[in-house]
Amino acid sequence: MREHYRFGPIEAKWQKAWEDLRAFQAREDDPRPKFYCLEMYPYPSGRVHMGHVRNYSIGDVITRFKMMRGFNVLHPIGWDALGLPAENAAIKHGIHPRDWTLNNIAHMREQLKRLGFGYDWSREVNTCLPEYYRWNQWLFLKMFERGLAYRRKSWVNWCPQCRTVLANEQAQGGECWRCETPVVQKQTEHWFLKITDYAEELLSGHGRLQEWPEHVLLMQKNWIGKSTGTRLVFPVPEWKTEIEVFTTRVDTIYGATFLVLSPEHPLVERLLSDPNVSPPLREWAGRAVHEAHTRRDPAEIVKEGMDTGLKAVNPFSGEEIPVWLANYVLMGYGTGAIMAVPAHDQRDHDFAVKYGLPIRTVIEPEEGGEDRPEGLAFEGQGRMVNSGPYSGRISREAVAEMNRYAESKNFGRESTIYRLRDWGISRQRYWGTPIPIVHCPKCGIVGVPYDQLPVELPRDANLTGTEGSPLERVESFARTTCPKCGGPARRDTDTMDTFFDSSWYYFRYTSPKEDSLPVDRRAAEHWMPVDLYIGGVEHAILHLIYARFFTKVFRDLGLAGNDEPFPRYLAQGMVTKDGSAMSKSRGNVVDPDDTIARHGADALRLFILFASPPDKEFAWNEDGIEGCSRFLHRLWNTVRDCRRIFDEAAPSGADLQTGDGVSGLRRRTHRTIKRVTEDIETRVHLNTAVSSIMELVNHIRRAGEEAAATDAGREALREALESALLLLAPFAPHICEELWEATGHATPLVRTPWPDYDPGWASEEKAVIVVQVNGKLKDRFEIASGTPEDVLREQALSRPKVRAAIGRARVRKTVCIPDKLVNIVVG
RNA sequence: GCGGAAGUGGCGGAAUUGGCAGACGCGUAAGCCUCAGGAGCUUAUGGUCGCAAGACUGUGUGGGUUCGAGUCCCACCUUCCGCACCA
């Protein structure tokens, strides 16, 4: 072994060795229990960044740990290779998106290999290749057949910068999720996936996700936004039509003094088509529609509205009330129309006050509701008043009866609604999966037959970045014949949202070469579900909810048997530097390649795992990595020094049960094995696992000299040293392999089992008892573990310092906790 | 506004079940080694007071429960995150 630690050649050597060994290739016919460890696959932007390094380092520790623990581990990687940046690069630099993407992948693949991550590269998937995206098309057609994919005209979020339609989720806060440009509204036909069919199951499935962070479940729950109430119809006699509203407070209906429609409500179109409608109303409605979607800061939005002049009839009371339009009613939630109860809803109250509409109290607090604050609606439950036959009833109790009455009279029913909306997947871009649909003037919308898949992206699209869909202008692509009638027809020229790809890629890893179905059912049954999924919390809503949705669709299509893809999800924290996220715009990016060149992959991995727990933010700091680099050098030197000791007097397999200096080292070794095993296995607290390995190594250095004196000592030293290498191997695999080999092992570490600990050795022989007087620490003493309480008490009371602290005070009570402390209460 | 998470040394962070606060690492200081050091080794390192032994104090703030609270309860402050007129 060399005198000094040179990480460069060592890391290259072992990366090649693992590859030659096919150490990370997973096989279905392996009899050991399976473990599927998955990290979110990267977008091939060009370079691996620290967020990737962190994400994949965590996954690699789990992978290597589980392998050493005897599991058949599947640890795949691939590329989320379709999407906007490739196209923007093409426009900017004249490179074809395919070439740009494949070049980036080639470079990033090498970067990942240099980091020493143990992937099964034979399962690599790449979503921009037809071998992958043909299954997007296959899945789309299956969904189309089942009515899960459908086309409708709707207002869509349009990003003028990216020149594409965005899903609501991608336009949160009125800004494009990618470039933060304000989103505008357009009305077009496009494709939706009916995720709302699964709203209830996506919500109830949370019950099975106990191993998810609670806040992620909560975010999803809010996103799904289940709400139970009543649907009611208000007749509009003048137009011989009716307006349907949704309310959670049917008990307040006698206080409904007007109805409000969203400016986007379908009835508004009819209203405005009337030539007699007043110009101000027409103008206001048009403006409100536009503003409804370009809103920036919700706090700035002022409630505005106008009277339509129409009247509707309250189905319970028969009262005729005015119909208004107002900007505070959203078309996207419920029915797009509400009954306004100003006395019992703050928003309605504010609106009624502004426009002088009547406010009628119909609920009174059950006790002492005399001094209600001015200007505030009473939104609580209480006793019903002014409510016809229901007056005097308790509001909470009347709801069920009112629902039944509405249903019996056929003007309403109890109903559940969700905030979740169907997922718009059409994109007017080039670098995506073509939607496998043909538009025939005779037959209408026709799916491309399965035997004609994939519908391949044409290579020669003109990517200028100008308005409209690039595929629309590629005549050779767009012009086709109808699969049904054979007549001339046009292809759908939209491409799919790339979240479609990532919604099922984890299935594809289980059988990446399968060529008759998206996934081989037997392989899916073998590997699914993913046992641990690791990735950034920024995907807590979008990606994770879409993936859960797709898993349920796979199940319903008979492709797989699981309900949930990721029973355990670890939401990894952000990587920051100088107080903010690393980003090009802030200029605080640290390049992993530079760090590897300076300190090696092992030091980088070790540091990124050591500096904070995986689920917390990680603050980069240049000095910190030097500490880890120093630790690896120390480890190297320690092994080198110990080898000299072993060379001089080889361990003879002496009895490890004896020897005094030996037992301390042994206890520490076994305690460390226990601690590290539990930290990785149950808590995934990798930072504390690393620190206890550091402690063990530090201890070996101090104890080495003394231990070297006896046979038993040398044996204990060897045990400690080898344990340290085994425990550290998942974190810093290259140096550990090298040192493992240097200490005379023929089998590589990657094929060596994780060490077991002896519970007897892992427990303490002696306990330090803390003595408190009135809860204040006064003294401590060492005693054999398991010493009974009365002996502890006696010992504690006899200590001079304790006696001094007690003085002449009377001992009222003593509290004894075996192996821990004695607290003497005086006074 | 609603919901959630978190506040511990100069810094990143430990403290697994209510029981020694500050593990491990960084930084800092002194010393050793060295031709040299942005290398290595040793020691010290929450704060205040003290020559010292030691004493007091200390986990965002204020209360509470308890023999004992970083940990449990109540109120508040700050920061971060999510949602945001959701009927």
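The values are calculated or read from the model by the stated rules, or taken from the named source; none is laboratory data. No experiment lies behind these values; they were computed from the predicted model shown. Reconstructed Cβ throughout: ideal geometry from the backbone, glycine too, with neighbour counts over all protein chains shown. Remember, those area values only see protein heavy atoms, side chains included, never the ligands or the DNA or RNA. Shrake-Rupley method; radii C 1.70, N 1.55, O 1.52, S 1.80 Å.
Checking the structure you have, find out if any residue of region A:501-510 is of a type in the set (Lys, Arg) and either within 19 Å of A:Arg555 (Cβ to Cβ) or in the same structural domain as A:Pro454 (by TED's automatic domain parsing) (or both). Outline the logic, then answer.
Taking region A:501-510 and keeping what is of a type in the set (Lys, Arg), we get A:508.
Cutting the leftovers down to either within 19 Å of A:Arg555 (Cβ to Cβ) or in the same structural domain as A:Pro454 (by TED's automatic domain parsing) (or both) gives us A:508.
Within region A:501-510 (the criterion being of a type in the set (Lys, Arg) and either within 19 Å of A:Arg555 (Cβ to Cβ) or in the same structural domain as A:Pro454 (by TED's automatic domain parsing) (or both)), the answer is yes, since at least one residue qualifies.
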A:Pro565, sole failed condition from (1) surrounded by fewer than 19 Cβ atoms within 10 Å (Cβ to Cβ); (2) assigned to a loop (DSSP other than H, G, I, E, B): (1)
Residue match in region A:348-359 (condition: out of contact with any Pro (no Cβ under 7 Å at 6 or more places or on another chain) and farther than 30 Å from A:Thr308 by Cβ): no
Which listed residue, of A:His265, A:His206, is closer than 30 Å to A:Asp492 by Cβ and either without any contact (Cβ under 8 Å) to a residue 24 or more places away in the chain or assigned by TED's automatic domain parsing to the domain that holds A:Asn314 (or both): A:His265
Residues satisfying the stated conditions in region A:580-609, i.e. without any contact (Cβ under 8 Å) to a residue 24 or more places away in the chain and on the phi > 0 side of the Ramachandran plot: A:Gly587
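Condition test on A:Phe246, is it in the same structural domain as A:Pro342 (by TED's automatic domain parsing), open to solvent by less than 10 Å² (accessible area, probe 1.4 Å) and at pLDDT 95 or above?
On the way: in the same structural domain as A:Pro342 (by TED's automatic domain parsing): yes; open to solvent by less than 10 Å² (accessible area, probe 1.4 Å): no; at pLDDT 95 or above: yes.
Against the criterion (in the same structural domain as A:Pro342 (by TED's automatic domain parsing), open to solvent by less than 10 Å² (accessible area, probe 1.4 Å) and at pLDDT 95 or above), A:Phe246 does not qualify.
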Qualifying residue in region A:259-281 (condition: outside any strand (DSSP E or B), open to solvent by less than 10 Å² (accessible area, probe 1.4 Å) and within 21 Å of A:Ile359 (Cβ to Cβ)): no
Residues (open to solvent by less than 80 Å² (accessible area, probe 1.4 Å), assigned to a helix (DSSP H, G or I) and near RNA strand B (Cβ under 9 Å from one of its atoms)) located in region A:221-240: A:Trp223
Lone qualifier among A:Thr672, A:Thr682, A:Thr688 - being under 37 Å from the mean Cα position of the chain (by Cα), of a type in the set (S, T, N, Q) and crowded, with 19+ Cβ neighbours inside 10 Å: A:Thr672
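What about A:Leu217, is it more than 30 Å from A:Tyr405 (Cβ to Cβ), open to solvent by less than 10 Å² (accessible area, probe 1.4 Å), hydrophobic (A, V, I, L, M, F, W, C) and at pLDDT below 95?
Details: more than 30 Å from A:Tyr405 (Cβ to Cβ): yes; open to solvent by less than 10 Å² (accessible area, probe 1.4 Å): no; hydrophobic (A, V, I, L, M, F, W, C): yes; at pLDDT below 95: yes.
When the stated conditions are applied, A:Leu217 does not pass them.
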Residue within region A:323-332 that is open to solvent by 20 Å² or more (accessible area, probe 1.4 Å) and in contact with a His (Cβ under 8 Å, 6 or more places away or on another chain) present: yes
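Being free of Cβ contacts under 8 Å to residues at least 40 places away in the same chain, near RNA strand B (Cβ under 10 Å from one of its atoms) and of a type in the set (S, T, N, Q) narrows it down to one residue among A:Thr252, A:Thr335, A:Thr248; which is it?
Testing whether each residue is free of Cβ contacts under 8 Å to residues at least 40 places away in the same chain, near RNA strand B (Cβ under 10 Å from one of its atoms) and of a type in the set (S, T, N, Q) leaves just A:Thr248.
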Which numbered condition A:Gly713 misses (of (1) more than 30 Å from A:Ser57 (Cβ to Cβ); (2) in contact with a Phe, Trp or Tyr (Cβ under 9 Å, 6 or more places away or on another chain); (3) open to solvent by less than 20 Å² (accessible area, probe 1.4 Å)): (2)
Condition broken by A:Thr252, with the remaining ones in (1) touching a His at 6+ places or on another chain (Cβ under 9 Å); (2) modelled with pLDDT under 90 satisfied: (2)
Condition met for A:Leu532 (surrounded by 18 or more Cβ atoms within 10 Å (Cβ to Cβ) and within 16 Å of RNA strand B (Cβ to nearest atom)): no
Total residues in region A:303-315, condition within 16 Å of RNA strand B (Cβ to nearest atom), open to solvent by 20 Å² or more (accessible area, probe 1.4 Å), modelled with pLDDT under 95 and of a type outside the set (D, E, K, R): 1
Tally, over region A:601-635, of residues that are of a type in the set (A, V, I, L, M, F, W, C), near RNA strand B (Cβ under 9 Å from one of its atoms) and not in a loop (DSSP other than H, G, I, E, B): 7
Looking only at region A:478-492, and only at residues there that are in contact (Cβ under 8 Å) with a residue 40 or more places away in the chain and touching a helix residue (DSSP H, G or I) at 6+ places or on another chain (Cβ under 9 Å), the one that is surrounded by the fewest Cβ atoms within 10 Å (Cβ to Cβ): A:Pro483
Close pairs from region A:28-48: first more than 15 Å from A:Phe507 (Cβ to Cβ) and of a type in the set (Phe, Trp, Tyr), partner crowded, with 16+ Cβ neighbours inside 10 Å and at pLDDT 95 or above, Cβ under 6 Å, at least 6 apart: A:Phe35/A:Lys66; A:Phe35/A:Phe71; A:Phe35/A:Val73; A:Phe35/A:Asp531; A:Tyr43/A:Asp80
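Which members of region A:589-605 meet the condition of being more than 30 Å from A:Glu214 (Cβ to Cβ) and open to solvent by less than 10 Å² (accessible area, probe 1.4 Å)?
A:Pro592, A:Thr595, A:Gly600, A:Ala601, A:Asp602, A:Ala603, A:Leu604
Table: residues versus (1) part of a strand (DSSP E or B); (2) at pLDDT below 95; (3) hydroxyl-bearing (Ser, Thr, Tyr); (4) surrounded by 13 or more Cβ atoms within 10 Å (Cβ to Cβ).
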residue	(1), (2), (3), (4)
A:Asp371	no, yes, no, no
A:Ala377	no, yes, no, yes
A:Gly392	no, yes, no, no
A:Ala400	no, yes, no, no
A:Asn403	no, no, no, yes
A:Glu407	no, no, no, yes
A:Tyr430	no, yes, yes, yes
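What about A:Arg751, is it in contact with a helix residue (DSSP H, G or I) (Cβ under 9 Å, 6 or more places away or on another chain) and open to solvent by less than 40 Å² (accessible area, probe 1.4 Å)? Full working, then the answer.
Working: in contact with a helix residue (DSSP H, G or I) (Cβ under 9 Å, 6 or more places away or on another chain): yes; open to solvent by less than 40 Å² (accessible area, probe 1.4 Å): no.
No, not satisfied.
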Where a residue in region A:623-637 is without any contact (Cβ under 8 Å) to a residue 24 or more places away in the chain and its partner, wherever it lies, is within 6 Å of RNA strand B (Cβ to nearest atom) and open to solvent by 20 Å² or more (accessible area, probe 1.4 Å), with Cβ under 8 Å and at least six apart: A:Gly624/A:Ala611
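Going through region A:16-52 one residue at a time, which ones are open to solvent by less than 70 Å² (accessible area, probe 1.4 Å) and assigned to a helix (DSSP H, G or I)? Quick ask: steps written out before the conclusion?
Going through region A:16-52, the residues open to solvent by less than 70 Å² (accessible area, probe 1.4 Å) turn out to be A:17-18, A:21, A:23-24, A:26, A:30, A:34-46, A:48, A:50-52.
Selection gives A:Ala17, A:Trp18, A:Leu21, A:Met50, A:Gly51, A:His52.
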Which numbered condition A:Leu665 misses (of (1) in contact with a Lys or Arg (Cβ under 8 Å, 6 or more places away or on another chain); (2) part of a helix (DSSP H, G or I); (3) more than 11 Å from RNA strand B (Cβ to nearest atom)): (1)
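Go through region A:734-748 and report how many residues are open to solvent by 60 Å² or more (accessible area, probe 1.4 Å) and in contact with a Lys or Arg (Cβ under 8 Å, 6 or more places away or on another chain).
Step one: list which residues in region A:734-748 are open to solvent by 60 Å² or more (accessible area, probe 1.4 Å), which gives A:741, A:744, A:746-747.
Filter once more, so that each one left must be in contact with a Lys or Arg (Cβ under 8 Å, 6 or more places away or on another chain): none.
Qualifying residue count for the region: 0.
Kindly evaluate A:Val791 against the criterion of being modelled with pLDDT of 85 or more, near RNA strand B (Cβ under 10 Å from one of its atoms) and among the hydrophobic types (A, V, I, L, M, F, W, C).
In short, no.
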